[in-house]
Amino acid sequence: MTSTTAPATDALHVAELSRVNQKITDGAADLPAVTLKDGSRVQTGTVATMLYNIALYNAGERGAVEAELKMAIPTLFKVGLFELFPPQQWIDGDNPGRSFVGTHARAYLNAAG
């Protein structure tokens, strides 16, 4: 899936994810953003933070955790995670956090057309 997001929006998205992804570090280091071959920039640590947030979601946390999971979805598409594990695989099964991500990934994909 190619990005249709404007560069300024990409930069804002990377900055927001950078802030969110700090929750998986000791706070002493910033996780870098990297440039993909298509020229888009993505924030490293997003997959690890998503896994962490799924665990929080499964433990009953909502609100900010849901927003952070949704925020990660465009980056997860850019790095190909949903090509490896399509949204329906996330939805199927008995893991509520994975299902939440899959449902919102499918909605994102449908909205992108």
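The values are calculated or read from the model by the stated rules, or taken from the named source; none is laboratory data. Everything quoted here is computed from the prediction, not taken from an experiment. Every residue, glycine as well, gets a Cβ built from its backbone with ideal geometry; the counts of neighbours run over all protein chains shown. Just the protein is used for accessible areas: all its heavy atoms, side chains included, with ligands, DNA and RNA removed. Shrake-Rupley method; radii C 1.70, N 1.55, O 1.52, S 1.80 Å.
Observations, loosely collected:
- Taken together, the residues in the stretch 41-59 that are open to solvent by less than 50 Å² (accessible area, probe 1.4 Å) and over 12 Å from Asn21 (Cβ atoms) amount to 3.
- Conditions (1) modelled with pLDDT of 95 or more; (2) surrounded by fewer than 16 Cβ atoms within 10 Å (Cβ to Cβ); (3) under 19 Å from Arg19 (Cβ atoms); number of the one not met by Pro32: (1)
- Sub-7 Å Cβ pairs linking a first residue in the stretch 47-60 that is under 12 Å from Val101 (Cα atoms) to a second residue that is aromatic (Phe, Trp, Tyr) and in a helix (DSSP H, G or I), at least 6 apart or interchain, are Tyr57/Phe100, ordered by first then second residue.
- Filter result (open to solvent by 50 Å² or more (accessible area, probe 1.4 Å) and part of a loop (DSSP other than H, G, I, E, B)) within the stretch 78-94: Val79, Phe85, Pro86, Asp92, Gly93, Asp94
- The residues of the stretch 84-113 that are closer than 22 Å to Asp38 by Cα, of a type outside the set (Phe, Trp, Tyr) and touching a residue at least 12 places away in the same chain (Cβ under 8 Å), listed by number, are Ala105, Leu109, Ala112.
- The stretch 9-63, residues that are of a type in the set (A, V, I, L, M), outside any helix (DSSP H, G or I) and under 14 Å from Val79 (Cα atoms): Ala33, Val34, Leu36, Val42
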